[in-house]
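Shown next, in structure tokens, is the structure this report addresses.
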Amino acid sequence: MQSKTPKSVKTEEFGKFHDVNPVACVGQCSCAAGQAGHDAVQKMATVYVLLQILVAPLTVLALDLTGGLSAEDCLARGFRKPDLICSSCRILPNFELDSLKEDCNKCCVQTEERGTAKRYPRAVLEVCACKFGHMPQIEAFCRGPKPKQFPNLTIKYLRGADPIIKLYDENGEVQEELSIKKWDTDTIEEFLFEHLAP
């Protein structure tokens, strides 16, 4: 059986084509096309390294300019970015946690100011008591003293229901419905202060 000699292969280096015999260039870069290909790879690697050096500081600068941290960075610092309301960061000094305030502010989500948030005349918190074992923060809110601050809030126990807050308009129609299963008691309280009419 005869071994076949590979045919010449065309390679492109920045618009120039070269005929390269793969057998002739294996293990050596002395032929012009092999050397040209090797040089092209080195140039591309250099460009890649330069881009990495230039882009990395810009990424850090962008984070500094926005003042925010990524969700992963926040989680590493003990904050869940989607659930953290910025007004919660303001009360950290009350508990001698000043050192956490800067990171808290970089991880929090702004909410509407109390004066500008739409307020509803009535709210209903629906939940099944069977969920309290997995969501002790919801139980703490429902069975604690906090609901008494909100005369327009009704707590309704429904079999199998995940905890939600329904906000009603003057006509008794549901305008907003929000899952609160990951909220803590302070977040629920703050939300009701912002969105429930006194």
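The values are calculated or read from the model by the stated rules, or taken from the named source; none is laboratory data. Everything numeric in this text was worked out from a predicted model, so none of it was measured. Please note: Cβ atoms are built from the backbone with ideal geometry, for glycine as well, and neighbour counts cover all protein chains shown.
Observations on the model:
- Enumeration of residues in region 130-152 that are hydrophobic (A, V, I, L, M, F, W, C) and surrounded by 14 or more Cβ atoms within 10 Å (Cβ to Cβ): 132, 135, 138, 140, 141, 142, 150
- The residue list 39, 73 contains one member that is assigned to a helix (DSSP H, G or I), among the charged types (D, E, K, R) and at pLDDT 80 or above, which is 73.
- Among (1) in contact with a Lys or Arg (Cβ under 8 Å, 6 or more places away or on another chain); (2) over 26 Å from residue 72 (Cβ atoms); (3) surrounded by 13 or more Cβ atoms within 10 Å (Cβ to Cβ), the one test that residue 92 misses: (2)
- Within region 76-89, considering residues that are buried (at least 17 other Cβ atoms within 10 Å of the Cβ) and at pLDDT 80 or above, the one farthest from residue 188 (Cα to Cα): 79
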